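Worksheet: one structure, shown below.
The values are calculated or read from the model by the stated rules, or taken from the named source; none is laboratory data. The model shown is predicted, which means the values in this text are computed figures rather than measured ones. Using ideal geometry, Cβ is built from the backbone for each residue, glycine included, and neighbour counts are taken over all protein chains shown. Remember, those area values only see protein heavy atoms, side chains included, never the ligands or the DNA or RNA. Shrake-Rupley method; radii C 1.70, N 1.55, O 1.52, S 1.80 Å.
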Amino acid sequence: MKSLIKLSFHLLLLLLLFACNKDDINISEEKIQFISFEFLQENNAKLLSKDINCAIEENSIKILIPHVLKDKNLIANFTFEGEKVFVGEQEQISGESINDFSKPVEYVIENASGEKKVYKVEVSAFTGLPIIFIQTENHADIVSKDEYLNATIQILGDSLSFEGNMRIKGRGNSTWGLPKKPYKLKFDKKESLLGYPKDKEWVLLANYTDKTNLRNETAFYLGRISELEWTPRSHFVEVFINDVYNGVYQLCEQIKISESRVNVTDNGYLLEVDQQNRLDPDDIFFTTDRILLNIKDPDVESNSEQFLFVKNYVTEAENALYSDIFTDPNNGYAKYLDVNSFVDWYLVNEITKNNDAIFFSSCYMNLIPGGKIKMGPIWDFDIALGNINYNNNQDPTGFWVKNSIWIQRLLEDPAFVQKVKDRFKYFKSKENEIYIYINNNANNLHYSIIENNNCWGTLYNQTSPNYAVWGSYENEIQYMKNWLNKRLIWLDQAFSQM
C-alpha cells in the first residue's frame, strides 16, 4: 500500500513538473521583437532614392542614409513578433506611420500579455557624423585670418542640433597656407555646440596633413587621461561652406580662460611660448633670457601692472630653475613651477614626439597670482606621431622634447627624473586602451574619410611634411599605431636607464 502511495506521489510530481515546463515553453515562445525594419523608397520618394535596410541589434536599430538629409520625417516599414507597436502613445502601422527621426525615436513592442520591449531607432545621414552648414553673408569667401565675416551656422546632429548667427575667419600659422583651411568661429553670446560647455569661441581644425585625422585627437586622449587640468574637447564633423562640401573637420574648444576651459579665475593668465616671426601685430609678449612668452589671455597692456607681474614671476621662476640651488624644494624651481603638470605635459609631448613642443610654439602655460606656473593645455599634434619628414622626428626612437629649454634643465634633477619614470609607467599601462580609442575613432570616420579624400585627394599622395604615404586609410591608421608601439618600447627602455 505504501509503495502504491509513493508511486502515485511521484506520478503527481512528474505531472506537475511537466505542466510547469510546458508553461515555461509557452512563455519563452511568446517572443517580442522586430524581425525587420526598413525605409522604402516608394513610401519616402521625396527623401530617398533607394530602399534602406536597417541593422537590428538587441534593443537598438541604427540606420545610415548615405546622403545629406536635413528633413528626417520618414515612414518606416517593419515586421515584428508581438501584438502592437507604439511610439509614445501612438500605435504604429507599418508603412503608414510617419515620425521625425532627427532625434532618436523609441519604438515599443507589446504582446498580448502586456509585456513590452523597447527599441531605440537612430537615423544618421551622409557619413554618420554631425553636419555643419555655414553660410557667410553674401556668400563671401573666407580669405582672412584677421577680419571676421558675418555668417549663419546650422548643425545637424541628432539631439545636438543647433542654429544661430556667428562670425568666422581663418586661423592657424602654417596650416592657413594649406589647401584645406582651418577656421575660428565666434558667437555674440556663449553657445553650447554638440553638448559641450557654453562658450563664444570655437575652432574647426582641418587636419589636412594628417591622413589619419586622429593625431590631435589621440594626443588629446593622452591629455584627458593625464593629470593636466584641462584638455580641449572635440568632435569630428562634416562641414559645408556656402553649400560647398569642405570635408571632415574637428570641431574643438578654443584655448582660452574660462570656467569650463583654462580655469584660472578672473585674475589668472594664459601664456604661450612662441617665436618673434609668428606673432601678430597686436600680441603682447615679453622675453626672458631663454624664451619668448605671448600673453594670450586676458588682454593686457605692455608694461602695465598685470604685464609686469607675469613677466617678473616667469623671470624669477626661470632664474630659480637655472640657479645653483635649482633642486632645493624651498628656493629652487619647485617654489615656482607646478611640477606634476610639467611631468605630464612633457610625457604627452615626448611620447608623441611632437615637433613644436621643444618650447618653439603651441607650448601653453597658465598662472594664477599666489599660485605656481602650470604647463598646459596641450595643443597642435597634426605633425606628431611620426607624421613628419624633418628633425628626424619620423624615427620612433630618440629623445626630442627632453632636449628643449626648461625641460632639459628639469631633467637634471633626479627627483624630477623619478617622477617622469613613475608617470611613464602609468601611460605605458594604458597602451592597449589608446589603441582601442584610435580604432573606435577610425571606425567612426570610415565613411567620412572616403568623402574627405574625394574632396582633397590626400590619401595616396604626399602632403608635406608626410614622412610616409601608406595608401589606404586603414594602412595609415596601422602605421600610426605601429609607430606609437615602437615609441613606447624605446621610451620604456630609455627611461629605465636614466
Using a 7 Å offset from the Cα along the Cα-to-Cβ direction at both S429 and N443, what is the distance between the two label points in nm, to one decimal?
2.6
Cα pair count fraction exceeding 42 Å, expressed as % - the chain:
33
DSSP-loop chymotrypsin sites (Phe, Trp or Tyr not before Pro) across the stretch 164-256, with at most 12 other Cβ within 10 angstrom
none
Report the normalised scattering of the stretch 360-498 as log10 I(q)/I(0) at q = 0.18 Å⁻¹, calculated by the Debye formula with identical scatterers on the alpha carbons.
-1.24
With only helices counted (DSSP H, runs n ≥ 4, each -39500 (n - 2.57)), the per-residue ellipticity at 222 nm for the chain, to the nearest 500, works out to -9000 deg cm²/dmol
Can you pull out the GluC sites (Glu not before Pro) in the stretch 105-175 whose DSSP state is coil and whose Cβ has at most 16 other Cβ atoms within 10 Å?
E115, E147
Cα→Cβ-extended label distance, 7 Å offset, between Q462 and W176, nm:
2.8
Per residue, accessible area of the stretch 214-350 with a 1.4 Å probe, heavy atoms of protein chains only, in Å², comes to 41
Using a 1.4 angstrom probe on heavy atoms only, work out the carbon and sulfur share of the accessible area of the chain in %.
47
Taking the Cα-to-Cβ direction at T152 and at L64 and moving 7 Å from each Cα, how far apart do the two end points lie in nm?
3.0
Karplus couplings for the stretch 122-130 from phi (6.51 cos²θ - 1.76 cosθ + 1.60, θ = phi - 60°), rounded to Hz, Gly and Pro as x?
10, 10, 9, 10, 6, 9, x, 8, x
Efficiency of FRET from Cβ geometry, I98 and E316, R₀ 51 Å, rounded to 0.05
0.15
On a full-extension model of 0.36 nm per residue, what is the gain between I368 and K50, subtracting their alpha-carbon distance, rounded to one decimal in nm?
108.6 nm
Using 0.36 nm times the number of residues separating I325 and E227, minus their current alpha carbon distance, what extension gain do you get?
32.5 nm
Place a point 7 Å from the Cα of Y245 along the Cα-to-Cβ direction; which residues of the stretch 420-458 have their backbone N under 19 Å from it?
443-458
